[in-house]
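Please treat every number below as a calculation from the coordinates, not as lab data. Because the structure is a prediction, the values reported are computed rather than measured. Quick reminder, even Gly has a Cβ in these numbers, built from the backbone with ideal geometry, and neighbours come from all protein chains shown.
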Amino acid sequence: PPKQATLGKFFARP
Amino acid sequence: MLEARLEQANLLKKVVDAIKDLVQDCNFDCNDSGVALQAMDNSHVALVSMMLKAESFSPFRCDRNIALGINLTSLMKVLRCAQNEDILTLKAEDAPDVVNLVFESSESDRLSEYDIKLMDIDQEHLGIPETEYAATITMPSAEFQRICRDLMALSESVAIEATKDGVKFSCSGDIGNGAVTLRSHTNVEKPDLNVEIALSEPVALTFSLKYLVNFCKASGLSSTVKLCLSNEVPLLVEYGLASNSYLRFYLAPKIGD
């Protein structure tokens, strides 16, 4: 089954 | 100092009620453009982004940037002390220990005042890139809530597929499969019931229903909701508020096989 990604993968940390 | 008067305490009450199960301690970042909040849930899968623009308040005064670190459970306890029709004024000093909330009844001379102790919250703000989404779906918020709740009875995940023919929400679980398809629809008499699908390319993504059902707690804030999707990026679920204010949720997709 597909795995849950986290937002850190898409949105940059400052 | 901050002094921000909301015509209806109910607005803040609904916003906090909608996000309090997703995020617990948040900074309310106040500056001359309004009151903003950005916070991720503990699992870093979902993000809440609220903007209450200065125009949503009357009057609004904020001389310098103030971060009000507030526990949302505490805030909700105090907001429950307000009548829905009460006028709410938020006040804070420049380097505050507390935020002061004043509720005024528009019908009587009742005035209630509460202070909430502030917390020092070290919150990292994520940079959310400006995105041209491949599909933008505007639909009744109650319809979206119903679809999410219905499909959650069958499965943990929903596949959202947007094509020129419509948008399909489908799931499969132990007891079987389910799918709801919506096509573009215009209701001249009740425009709130319109379904609009703006598409530059087909999109297919899978998301956790648990989070979507949680986002739908904001349905009382707006009769319509906007879903913005592009392949392989987080979903944006937006509830528009008056004066260009908004409550947005971002949800990371489920990826791979």
**Asked** Percent relative contact order of chain B, based on C-alpha pairs within less than 8 angstrom and at least six residues apart?
**Response** 20 percent
**Rounded to 10°, Cα long-axis angle of helix B:141-152 versus longest principal axis of chain B** = 60 degrees
**Request:** Enter the mean projected area of the convex hull around the alpha-carbon atoms of region B:19-166, in nm², rounded to one decimal.
**Result:** 12.3 nm²
**Request:** Rounded to the nearest Å, what's the spacing between the alpha carbon centres of region B:28-71 and region B:181-247? Just the number, please.
**Result:** 22 Å
**Fill in**
Taking r as the C-beta separation of residue B:105 and residue B:80 and R0 as 22 Å, the FRET efficiency to the nearest 0.05 is 0.90
**Crossing angle, helix B:9-19 versus chain B [Cα axis fit, 0-90 degrees, rounded to tens]** = 50 degrees
**Message:** Is the C-alpha gyration tensor of region B:123-257 telling us rounded, prolate or oblate? Criteria: a/c under 1.5 is rounded; beyond that, a/b larger than b/c is prolate, otherwise oblate.
**Reply:** rounded
**Request:** Output the Kirkwood hydrodynamic radius of chain B, Cα pairs only, in Å rounded to one decimal.
**Result:** 19.5 Å
**Prompt:** Taking 1 over the mean of 1/r across every pair of different Cα atoms in the protein assembly as shown, what Kirkwood radius in Å do you get?
**Reply:** 19.7 Å
**Fill in**
Note on region B:132-197: C-alpha Rg/Rh, Kirkwood Rh, two decimals, gives 1.01
**Ranked B:124, B:161, B:189, criterion: other C-beta atoms within 10 Å, fewest first** = B:189, B:124, B:161
**Asked** To the nearest 500 deg cm²/dmol, what mean residue ellipticity at 222 nm is calculated for the protein assembly as shown from DSSP H runs of n ≥ 4 alone, each contributing -39,500 (n - 2.57), summed and divided by the residues?
**Response** -4000 deg cm²/dmol
